[in-house]
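Colleague: Dumping the structure here so I can ask a few things about it.
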Amino acid sequence: MTTEPNPTPKEPSRLYRMWDSDLAYAFRTAPVAIAATLVALIIIGGAVFAPWLATMNPFNPAELNLMNGFTPPMEPNAFTGETFLMGADNQGRDMLSTILYGTRTSLFVGAMAVLFAMVLGISVGLFAGWRGGWVDSALMRVADVQLAFPAILIALLVFGIARGFIPDNLRDQLAIWVLIVAIGLSDWVQFARVVRGATMVEKNKEYVQAARVIGAHPVKIMFRHILPNVMGPVLVIATISLALAIIAEATLSFLGVGVPPTQPSLGTLIRIGQSFLISGEWWILLFPALTLLALALSVNLLGDWLRDALNPRLR
Amino acid sequence: MAEPLLSVRDLVVEFPTRRGILRALDRVSFDIMPGEVLGMVGESGAGKSITGAAIIGLIEPPGRIASGEIRLKGQRIDNITPEAMRKIRGKRIGMVFQDPLTSLNPLYTVAQQLIETIRTHIDCSEAEARKRAVALLDRVGIPAAARRIDDYPHHFSGGMRQRVVIALALCAEPELVIADEPTTALDVSVQSQIIEVLKDICAERGAAVMLITHDMGVIAETADRVAVLYAGRMAEVGPVREVITEAMHPYTAGLMSSIPTLTQESDRLVQIPGAMPRLNAIPTGCAFNPRCAKAFGPCTVERPELIAQEGGRQVACWLYDEAKRREVPHV
Amino acid sequence: MSDPLVKIDGLTRRFDVSKPWLNRVIEREDKQFLTANADVSFEIGRGETFALVGESGSGKSTIAKMVVGLLAPSAGTITFDGQRIDAGAGIPRSLRRRFQMIFQDPFASLNPRWRVGEIISEPIRTFGLMNATDARKEAGRLLEVVGLSANDVNKFPHEFSGGQRQRIAIARALSSKPEFIVCDEPTSALDVSVQAQILNLMRDLQDEFGLTYLLISHDLSVVRHMSSRIGVLYLGRLVEVAQGKKLFTEPQHPYTRMLLDAVPDLALSGRRRRPVEGEIPNPISPPSGCAFHPRCPLAFDRCKQEIPQPRQTPIGQAACHALDHAVA
Ligand SMILES: Nc1ncnc2c1ncn2[C@@H]1O[C@H](COP(=O)(O)OP(=O)(O)OP(=O)(O)O)[C@@H](O)[C@H]1O
Ligand SMILES: Nc1ncnc2c1ncn2[C@@H]1O[C@H](COP(=O)(O)OP(=O)(O)OP(=O)(O)O)[C@@H](O)[C@H]1O
Ligand code: SF4
Ligand code: SF4
Ligand SMILES: [Mg+2]
Ligand SMILES: [Mg+2]
């Protein structure tokens, strides 16, 4: 018997293979993607390491000095002589620290909401695509109906219903989780649709039939065989959804129905800041707003780039 | 010897990629005589379709013709403007592709497409063009052509569509038809009908055919001469009968004996070890040398060029270079 | 056959190809069914290669899928060594382990995200035949059996050529030590020079492990080279079954003859082939009686009314009314 020559005589390291992959190459040659990643990383890093980076914990009343209220950026305070890079708000909190902590909350809610939407959407999508028939039709009709309503409306609705069920004393404690579920529920449809479509394609491929011939369990086939092959588009949607979820959270918090006041997010900060705009204290609004914009934009750009990079037809 | 209709000399087609330049065709040369059927065979990825695309100026960018020349009746067509090329396509060179649906516009009736093509290339009235179109459809074997001509392509079956495509390729009376795997997507019983039609109608009109396929059986029955491509290079060119029955190039010989036939008796098929190299890993010297049982000294060092042999044959193999063989006497 | 390994009896499969319910109501159409296989019966003896040939859409793959339990028959039975293979009722593990399948497209039949070692050992793990370390070693050994290197277990499928991938697929099929392998067009996606390698490998493995094959192909030369017996399908019906090479020298059914005539001839005999008439009819509304009658040069009145039943021929069985008359 003759052996075909091995295609690659020596194994390159895993790290080198990643660096050498088409995706990594596409990334290296896309300035927009690199810039967006840098911006996103700086903001995310700031949020994650907020307790170490921030000069104060803005939500610990013991650290606050009301005398510092309304200090403009880069100007020493008339009474205390303290200087704040981005100024201080009405209660004398350092804006930079406030933003770092606010971003932390925003990102946490956004990421958890996307994770929730992803898990729900992937499970529904895999199941609908695999079963087909009326199960699929029913699930997808539900998805269609939900898609007809604006996401914010659905989040508001879920939020309202949840409030009615949760006892008062737990309300603040659970508010964040309710928010996460509300945003997640408004967003799972996209994941479900994409995963369902991809599953319908994959399940007819011969590698899935090969697994069925040996009687592999359907759940195993769905999660071990099909899922890894549909993760590409899922990641793209996840990234774009993260930007949307952060904005949705900000919107809800801006409307006053989001996170509890003890744990303000960027949206809360914007709501607070907005009331001082007329009296001329612009920095209390501007810096949180810019942060939100930069975060949402960079993550969204990254998602867009990822979508194009993974689409072979555009390459 | 008469002037060739199409003459390809040292054609090089390259695709720049980030891992370097891929040479899909490496100094390919061949001629097609007027009225002749030239079969182009080779394994998947050998460069058959790229050769056809280069001739009609349809290589997808960033791919490009890096060097060499293509002449149609002595006139260069590889460096002319896209405008001029478009005039040649359809008028002087007709095309038939594997999937008939890609060559037909689903939004127009067959009549509309045929009449438009006829009138862009031939100066005649609408009624006149229609008459020609019906005659042509009739000729390619569409029953009740006068009635069916007003149908849309999706009303036809696969085989019928391919007949329509052949009619479309021939309606401007081209001198050359390039047919890229015209029957691969069709059933065996329909395949032979299509090949028959293509061959007869081209012969009738004196059009030469470049028939691209990986099916040696089709080539054997249809072509006058055959060109064998391997890894983007020409391995052997010659009259069909000779190449099939007494191949000179070790690759061609191996290929021919690895095909099971309806008459052979042996239990095992002859097999060539290994597979054709990918474009980014073509060995130095003769591209076939790692798989060749007869490889010797020069094979891994220097690339063999096509050497003319008796009977209008050409072969690119050091075994047929007397000087090289003398240098290495033990083979 | 005294004790066949696989017995297929009256196998029929219909697909519902109706438009959606609402469209049917609006357009006042009935449900539509496509009969992919009708009343197919044959037997496969131990250690033999039984081939099914037929043109595209004749129902070859549908039979293959039913035989390995991927699809439930609409009617008829499949018996494997005395046990029913019934996709609807569930197939016991002990039975499943004894048959395997090789697919046409080596680019689609291996999960692109799995390493070759995992791919090959999946049946071993699913059937719980060995522990993880042994399964891994076995994967390497099987790679060597099919002519690759044991080190390839850590690679991904995209690092291999089409022929090499088909070898990996064969290694996977062998890993549960089956007795019977269904091969659906195992070489149609490969080049001829690689096809020869794979066909030779399949033969070697058959000799070594005493395998029984159901080989499906549209390529008559491949079928002739590989098979001990051959079944010819037309529009879902078995029109002829015959002993291997005899089918090519003494074809009995007019369709078999036509198919043989249509094969391009490498031998350059220069025979001018009788051009075949017509195309395969739409399987949703096949012609009445013998489905081949619109294209058959021998067709007569009875052919349009009555579906021919298989009858004995010198080389096997064939379903054609003309055979009665010819014998008489
Ligand atoms: N757009 C492209 N970019 C890079 N490489 C390409 C491109 N198009 C074709 N090639 C390469 O050129 C080579 C020749 O391709 P070609 O399509 O001519 O093969 P072929 O002989 O027609 O094969 P087949 O029988 O599969 O049609 C292949 O190796 C292919 O990978
Ligand atoms: N899931 C399905 N739903 C509806 N029709 C189907 C389905 N699967 C197969 N068919 C039809 O059944 C017939 C037989 O199909 P099958 O795939 O068995 O043919 P085949 O002989 O394997 O053809 P090929 O050579 O093209 O693979 C075809 O007409 C096909 O369109
Ligand atoms: S040149 Fe050498 S390697 Fe190439 S085909 Fe001829 S003998 Fe074989
Ligand atoms: S039954 Fe009649 S139509 Fe069918 S194959 Fe025989 S002769 Fe032809
Ligand atoms: Mg091609
Ligand atoms: Mg099939």
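The values are calculated or read from the model by the stated rules, or taken from the named source; none is laboratory data. What you see is a predicted model, and the numbers here were worked out from it, not measured in a lab. Here the Cβ positions follow ideal geometry from the backbone for every residue, glycine too, while neighbour counts run over all protein chains shown. The protein model used for the area step is the full one, side chains on, heavy atoms only, and it has no ligands, DNA or RNA in it. Shrake-Rupley method; radii C 1.70, N 1.55, O 1.52, S 1.80 Å.
Colleague: Just to check your reading of the model, which residue among A:Leu244, A:Leu277, A:Leu285, A:Leu227 is open to solvent by 60 Å² or more (accessible area, probe 1.4 Å) and in a helix (DSSP H, G or I)?
Modeller: Going through A:Leu244, A:Leu277, A:Leu285, A:Leu227 in turn, the sole match is A:Leu244.
Colleague: What number of residues within the stretch C:199-214 satisfy the criterion of being more than 9 Å from every other protein chain (Cβ to nearest Cβ) and in a helix (DSSP H, G or I)?
Modeller: 6
Colleague: Consider the stretch B:199-212. How many of its residues are open to solvent by 10 Å² or more (accessible area, probe 1.4 Å) and at negative phi?
Modeller: 5
Colleague: Taking the stated definitions as given, is C:Leu199 open to solvent by less than 40 Å² (accessible area, probe 1.4 Å) and in contact with a Gly (Cβ under 6 Å, 6 or more places away or on another chain)?
Modeller: In short, no.
Colleague: Pairs needed: first member in the stretch C:164-182, in contact (Cβ under 8 Å) with a residue 60 or more places away in the chain; second member anywhere, open to solvent by 10 Å² or more (accessible area, probe 1.4 Å) and acidic (Asp, Glu); C-beta distance under 9 Å; at least 6 residues apart or different chains.
Modeller: From the stretch C:164-182, the pairs are C:Ala169/A:Glu206; C:Glu179/C:Asp81; C:Phe180/C:Asp81.
Colleague: Only residues in the stretch A:223-241 that are over 11 Å from A:Arg307 (Cβ atoms) count as the first member; pair them with residues that are hydroxyl-bearing (Ser, Thr, Tyr), Cβ under 7 angstrom, at least 6 apart or cross-chain, and list the lot.
Modeller: A:His225/A:Tyr207; A:Ile226/A:Thr199; A:Val230/A:Thr199
Colleague: Tally up the residues in the stretch C:286-298 that are free of Cβ contacts under 8 Å to residues at least 24 places away in the same chain and either within 7 Å of ligand 4 (Cβ to nearest atom) or away from chain B (no Cβ under 14 Å) (or both), please.
Modeller: Summing the residues that are free of Cβ contacts under 8 Å to residues at least 24 places away in the same chain and either within 7 Å of ligand 4 (Cβ to nearest atom) or away from chain B (no Cβ under 14 Å) (or both) in the stretch C:286-298 gives 4.
Colleague: Now, a different point. Restricting the search to the stretch B:284-307, which residues are more than 6 Å from ligand 3 (Cβ to nearest atom) and part of a loop (DSSP other than H, G, I, E, B)?
Modeller: Correct list: B:Thr284, B:Gly285, B:Ala287, B:Ala293, B:Phe296, B:Val301, B:Glu302, B:Arg303, B:Glu305, B:Leu306.
Colleague: Something else now. Please verify whether the stretch C:23-33 includes one or more residues that are touching a strand residue (DSSP E or B) at 6+ places or on another chain (Cβ under 7 Å) and modelled with pLDDT under 95. Even if it seems obvious, please write down each step before you answer.
Modeller: Step one: of the stretch C:23-33, the residues touching a strand residue (DSSP E or B) at 6+ places or on another chain (Cβ under 7 Å) are C:31, C:33.
So of that shortlist, the ones also modelled with pLDDT under 95 come out as C:31, C:33.
Looking for residues that are touching a strand residue (DSSP E or B) at 6+ places or on another chain (Cβ under 7 Å) and modelled with pLDDT under 95, one finds at least one in the stretch C:23-33, hence yes.
Colleague: Please find, within the stretch C:155-196, the residue that is farthest from ligand 5 (Cβ to nearest atom) out of those that are among the small types (Gly, Ala, Ser) and open to solvent by less than 10 Å² (accessible area, probe 1.4 Å). Explain how you work it out, then say what you get.
Modeller: First, the residues of the stretch C:155-196 that are among the small types (Gly, Ala, Ser): C:161-163, C:169, C:171, C:173, C:175-176, C:188-189, C:193, C:196.
When the remaining residues are screened for being open to solvent by less than 10 Å² (accessible area, probe 1.4 Å), the result is C:163, C:169, C:171, C:173, C:175-176, C:193, C:196.
Numbers: C:Gly163: 18, C:Ala169: 24, C:Ala171: 30, C:Ala173: 30, C:Ser175: 35, C:Ser176: 37, C:Ser193: 17, C:Ala196: 21 Å.
Taking the candidates together, the pick is C:Ser176.
Colleague: What pairs come up if the first residue lies in the stretch B:245-268 and is within 16 Å of ligand 2 (Cβ to nearest atom), the second is open to solvent by 20 Å² or more (accessible area, probe 1.4 Å), and their beta carbons are under 6 Å apart, counting only those six or more places apart or on different chains?
Modeller: From the stretch B:245-268, no pairs qualify.
Colleague: Among the numbered criteria (1) over 12 Å from the mean Cα position of the chain (by Cα); (2) within 14 Å of chain C (Cβ to nearest Cβ); (3) surrounded by fewer than 24 Cβ atoms within 10 Å (Cβ to Cβ), which single criterion is violated by B:Val190?
Modeller: (3)
Colleague: List the number of the failed condition for C:Leu323; all other conditions in (1) at pLDDT below 90; (2) within 16 Å of ligand 4 (Cβ to nearest atom); (3) open to solvent by 40 Å² or more (accessible area, probe 1.4 Å) hold.
Modeller: Exception for C:Leu323: condition (3).
Colleague: Another question, if that's okay. With respect to the numbered conditions (1) within 13 Å of ligand 5 (Cβ to nearest atom); (2) over 28 Å from B:Ala253 (Cα atoms); (3) open to solvent by less than 20 Å² (accessible area, probe 1.4 Å), which one is the sole condition not fulfilled by B:Leu58?
Modeller: For B:Leu58, the failing item is (3).
Colleague: While we're looking at this one, here's another question. Can you tell which of B:Met95, B:Met40 is buried (at least 20 other Cβ atoms within 10 Å of the Cβ) and closer than 22 Å to B:His121 by Cα?
Modeller: B:Met95
Colleague: Mind listing just one residue for me: the one in the stretch C:212-225 that is at pLDDT 95 or above and of a type in the set (A, V, I, L, M) and, of those, farthest from ligand 5 (Cβ to nearest atom)?
Modeller: The extreme case among them is C:Leu214.
Colleague: Of all residues in the stretch C:138-147, which are open to solvent by 10 Å² or more (accessible area, probe 1.4 Å) and either within 13 Å of B:Ala275 (Cβ to Cβ) or within 11 Å of chain B (Cβ to nearest Cβ) (or both)?
Modeller: The answer is none; no residue qualifies.
Colleague: Identify, please: which residue in the stretch B:157-174 is part of a loop (DSSP other than H, G, I, E, B) and surrounded by 20 or more Cβ atoms within 10 Å (Cβ to Cβ) and is, among those, farthest from the chain's Cα centre (by Cα)?
Modeller: Once the filter is applied, the top-ranked residue is B:Cys171.
Okay, residues lined up against (1) in a helix (DSSP H, G or I); (2) modelled with pLDDT under 85; (3) under 20 Å from B:Ile56 (Cβ atoms); (4) hydroxyl-bearing (Ser, Thr, Tyr):
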{"residue": "B:Gly90", "(1), (2), (3), (4)": "yes, yes, yes, no"}
{"residue": "B:Gly94", "(1), (2), (3), (4)": "no, no, yes, no"}
{"residue": "B:Leu101", "(1), (2), (3), (4)": "yes, yes, yes, no"}
{"residue": "B:Thr117", "(1), (2), (3), (4)": "yes, no, yes, yes"}
{"residue": "B:Asp123", "(1), (2), (3), (4)": "no, no, no, no"}
{"residue": "B:Ala129", "(1), (2), (3), (4)": "yes, no, no, no"}
{"residue": "B:Ala135", "(1), (2), (3), (4)": "yes, no, no, no"}
{"residue": "B:Gly141", "(1), (2), (3), (4)": "no, yes, no, no"}
{"residue": "B:Asp151", "(1), (2), (3), (4)": "no, no, no, no"}
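Colleague: From the list B:Ala287, B:Ala293, B:Ala281, B:Ala275, which one is aliphatic (A, V, I, L, M), within 16 Å of ligand 1 (Cβ to nearest atom), exposed (fewer than 12 other Cβ atoms within 10 Å of the Cβ) and closer than 27 Å to C:Ala196 by Cα?
Modeller: B:Ala281
Colleague: Regarding A:Leu100, is this residue hydrophobic (A, V, I, L, M, F, W, C), in contact (Cβ under 8 Å) with a residue 60 or more places away in the chain and assigned to a helix (DSSP H, G or I)?
Modeller: Answer is no for this residue.
Colleague: A further question on this structure: Go through the stretch C:176-196 residue by residue and tally those that are hydrophobic (A, V, I, L, M, F, W, C) and within 16 Å of ligand 2 (Cβ to nearest atom). Break it down into steps so the answer makes sense when it comes.
Modeller: Taking the stretch C:176-196 as the starting set, the residues that turn out to be hydrophobic (A, V, I, L, M, F, W, C) are C:180-183, C:189-190, C:192, C:194, C:196.
Narrowing the set further to residues that are within 16 Å of ligand 2 (Cβ to nearest atom) leaves C:182-183, C:189-190.
Total meeting the criteria: 4.
Colleague: Which is out of contact with any helix residue (DSSP H, G or I) (no Cβ under 6 Å at 6 or more places or on another chain) and either over 24 Å from B:Ser44 (Cα atoms) or more than 16 Å from ligand 3 (Cβ to nearest atom) (or both), of B:Ala169, B:Ala145, B:Ala133?
Modeller: B:Ala169
Colleague: Next question. Please work out if B:Gly45 is in contact (Cβ under 8 Å) with a residue 24 or more places away in the chain, assigned to a loop (DSSP other than H, G, I, E, B) and open to solvent by 50 Å² or more (accessible area, probe 1.4 Å). Break it down into steps so the answer makes sense when it comes.
Modeller: Details: in contact (Cβ under 8 Å) with a residue 24 or more places away in the chain: yes; assigned to a loop (DSSP other than H, G, I, E, B): yes; open to solvent by 50 Å² or more (accessible area, probe 1.4 Å): yes.
Yes; evaluated as a whole, the condition is true for this residue.
Colleague: Which condition number in (1) open to solvent by less than 30 Å² (accessible area, probe 1.4 Å); (2) out of contact with any helix residue (DSSP H, G or I) (no Cβ under 7 Å at 6 or more places or on another chain) is the one that A:Met95 fails?
Modeller: So A:Met95 meets the others, but not (2).
Colleague: Next up: Identify, by number, the condition in (1) of a type in the set (S, T, N, Q); (2) within 14 Å of another protein chain (Cβ to nearest Cβ); (3) not in a loop (DSSP other than H, G, I, E, B) that B:Gln314 doesn't meet.
Modeller: Tallying (1) of a type in the set (S, T, N, Q); (2) within 14 Å of another protein chain (Cβ to nearest Cβ); (3) not in a loop (DSSP other than H, G, I, E, B), B:Gln314 fails exactly one: (2).
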